[in-house]
Amino acid sequence: MDNFSDEYFENSFDYQNDTPYEGEVVDGEVALCKKNDVLHFGATVLPAFYSIMFFLSLFGNGLVLCIIYKYEKLSTVNNIFLLNLVISDLIFTFSLPFWAVYHKSEWIFGQGLCKLVGSCYFIGFNSSILFLTLITFDRYLAMVHAISAAKSRRKVYGFASSAVIWVISILASIKDIVFYDVMKGGNGLLCEMTGYHQIFLTKWELIGYYQQFFLFFLVPLFIVMYCYIRITIRIMFTRLAEKCRAVKLIFVIVFTFFICWTPYNVVILLKAIKKSFGEQNDCSDALDYALYVTRNFAYLYFCISPVFYTFLEKKFQTHFLNLLSKKITCLKIDYAMPSTTSKTTSTRSPITDY
């Protein structure tokens, strides 16, 4: 688990020793790690960043949702997965304004919203990476095993696969629903993992770190790399005129996924190793700053991923131009010309659409 404010987490037990509350178990003294510089950095940078990311995600995902509703419906498995990806990203996105206010001052929204926002944050984040992996695997089936997969890639398969992803994401986030609560800190109210002894919470934190690294990073990365390597090989052995473009798009997808997602998970692994084997009184801020930066790159990628994945397909580009042409009349002529010529000069295939 990626604790949303890990630097808060390291301080919380010190405050608990001074201000115990009902249901809390306190035993022994805990060394205090001052994280004032890290907290000041977060209060300065994160509220503005989360606000910008909120509006970008709301606009981009809303646009994809509009195109699916107006032109695509849920007629294909790919559209079902895209819709679920948009939903998961919106669930995550709607938690951002709360965290922006939280980093700026304190948690002012009460105990119920602390659990709800915390769980939505993790459920949306976890399900996004799994749906991106599922979309990649579905494209692999459609392009490498097109004939054999034609019968299995029905709507039932799409809805069932999506349901499995949601169940996994919710189960992986149960501990956050249970442990997240409001507590009194040195600078106000905090919404963090609390209510149990430090050793117990640290063990669950480590479980979350390793769960994040292996289940939500290594497994998806392996599947994405394998699928796109097989897709690239498939494309290279075809005679499609646009195969170079398709290979370039695949490279962009894999490269962007790797660059945005890997640094964050490397930091997660380093934090897990430090907590497992490092000096317990080490108060270095290096990993805290690294977590801020790398985590936000990962957030940004998943907030814009539906737009990124959707507009790589020609039909969605056409739908977008069509949508614009209805709003901006001068675009109707420009939009109409390529659409008429494309019907007479090219034949469509799953790869060229890709």
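The values are calculated or read from the model by the stated rules, or taken from the named source; none is laboratory data. Everything numeric here is computed off the predicted structure, so don't read it as measured data. Glycine also receives a Cβ, built like all others from the backbone with ideal geometry; neighbour counts cover every protein chain displayed.
A few comments on the model shown:
- Only a single item in (1) more than 18 Å from the chain's Cα centre (by Cα); (2) surrounded by fewer than 16 Cβ atoms within 10 Å (Cβ to Cβ) is not met by His103, and it is number (2).
- Gly188 touching a residue at least 60 places away in the same chain (Cβ under 8 Å), under 18 Å from Leu83 (Cβ atoms) and over 15 Å from the mean Cα position of the chain (by Cα): no
- Subset tally (residues that are of a type in the set (A, V, I, L, M) and in contact (Cβ under 8 Å) with a residue 60 or more places away in the chain) for the stretch 137-171: 5
- Look at the stretch 257-269: where a residue is not assigned by TED's automatic domain parsing to the domain that holds Val224 and in a helix (DSSP H, G or I), no partner that is of a type outside the set (Lys, Arg) and buried (at least 22 other Cβ atoms within 10 Å of the Cβ) sits 6+ places away or on another chain with Cβ atoms under 9 Å.
- Lone unmet requirement of (1) at pLDDT below 80; (2) surrounded by 15 or more Cβ atoms within 10 Å (Cβ to Cβ) for Tyr264: (1)
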